[in-house]
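Here the structure is laid out as structure tokens; the discussion comes afterwards.
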């Protein structure tokens, strides 16, 4: 069932497709660990082994980090959050379906405790973990693939985007393969665009040490809250993306905020949901979720970026891992071993190849 259909049904009966969203702010104000009662009242009385306790602690920490990147409290997910979490487990962490299913089972047990405990607002009528479980095939490890959108169709869609903020967000994610949280975390000092008017307007531009020596490049750190990659990298900005970013920078409010992209409501740092909304505004309902494909969200850019370089351009895997920010010698977060530990890539290894081969969006 598509999001559009679900929304229509919900509206007809006065329901919502995201019932826990209303409690997000209240949990933030509470400043209590909602997972602690589960350990005290449910898990520990059953006498679990130490390995079981550590397993729960590990998956809770991973879930908290993931939900922080989504801009939501870990106690207030919807089924899309759960599906994206499983997608990361299977596709980016390269976990086996059995491992992903075990994590889902543990998170679902915690959620059911919240449903049972009357102090929590979690209704027994809604369980996003059970809904997601029905939509992700953990027996084969397959999740729905993103839709195949040709470059010509992407150009047509982006040509109709008349808002420079939306256009810049979508172009950055398509051209650089960045997660929404990584885009939100870019600072003016970490992007170095050599253009006189822009540099005169932003005196901090390109001042970060890792990017100051490179023209038309951006630095993506690995140790900033929400930046899930374990590997910092510098990425090239091609002529087309450079033009788009210059247009955006010349209309961006210059209010002293360090962030490249600012929320249009508050003129402070933007977040994942704003970027996701930008994608949905221009790709939905045409690319809503179907029985075969995921609905297009801000994560589509990362999928297409990776597919372009590996499938269409047959680029060396290690160079793709560098651009994606994957750990050295792996396709996910597992530690490197053997010869892979001694393979390293740098900006200079990808710059010329990137600039010569990156696709153009016609903007």
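Numbers at a glance
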quantity	calculated
Max mean-square fluctuation residue, GNM over the chain, Cα-Cα springs under 10 Å, options 149, 169, 17	149
314, 80 arranged by Cβ crowding within 10 Å, fewest neighbours leading	314, 80
Label-to-label distance, nm, for residues given as residue 44 and residue 240 (7 Å Cα→Cβ offset)	5.7 nm
Gaussian network model of the chain, springs between alpha carbon atoms under 10 Å - residue of 250, 260, 319 with greatest fluctuation	250
FRET efficiency for residue 7 and residue 163, using Cβ-Cβ distance with R0 set to 25 Å, rounded to 0.05	0.65
Fully extended contour minus Cα-Cα distance, from residue 33 to residue 213, at 0.36 nm per residue	60.4 nm
Degrees separating the helix 164-176 axis from the principal Cα axis of the chain, which is the longest one	90 degrees
Residue order, fewest to most beta carbons within 10 Å, for 69, 213, 318	213, 318, 69
Residue-averaged 222 nm ellipticity for the chain, from DSSP H runs of 4+ at -39500 (n - 2.57), nearest 500	-13000 deg cm²/dmol
Between 0 and 90°, nearest 10: helix 3-12 axis offset from the chain longest Cα axis	50 degrees
Gain on full stretching of the segment that runs from residue 98 to residue 23 - 0.36 nm per residue minus C-alpha separation	23.8 nm
Residue order, fewest to most beta carbons within 10 Å, for 225, 181	225, 181
Relative contact order of segment 151-357, pairs being alpha-carbon contacts under 8 Å that are 6 or more residues apart, as %	24 percent
Sites residue 251 and residue 156, calculated FRET efficiency, Cβ-Cβ separation with R0 30 Å, nearest 0.05	0.80
Contour excess over end-to-end distance, with Cα ends at residue 349 and residue 125 and 0.36 nm allotted per residue	75.3 nm
Relative contact order %, the chain, counting alpha carbon pairs below 8 Å whose residues are six or more apart	18 percent
Residue with peak Gaussian network fluctuation, the chain [Cα springs, cutoff 10 Å], from 112, 242, 231	112
Packing-based order for 37-44, 50-57, using average beta carbon neighbours within 10 Å, highest first	37-44, 50-57
Average Cα contact separation per residue, segment 43-115, under 8 Å, 6 or more apart, as relative contact order %	26 percent
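FYI, it's all coordinate maths here, none of it is from the lab. From a predicted model like this one, the values you see are computed outputs, not experimental measurements. A quick note on method: Cβ atoms are made from the backbone with ideal geometry, for glycine too, and the neighbour counts reach across all protein chains shown.
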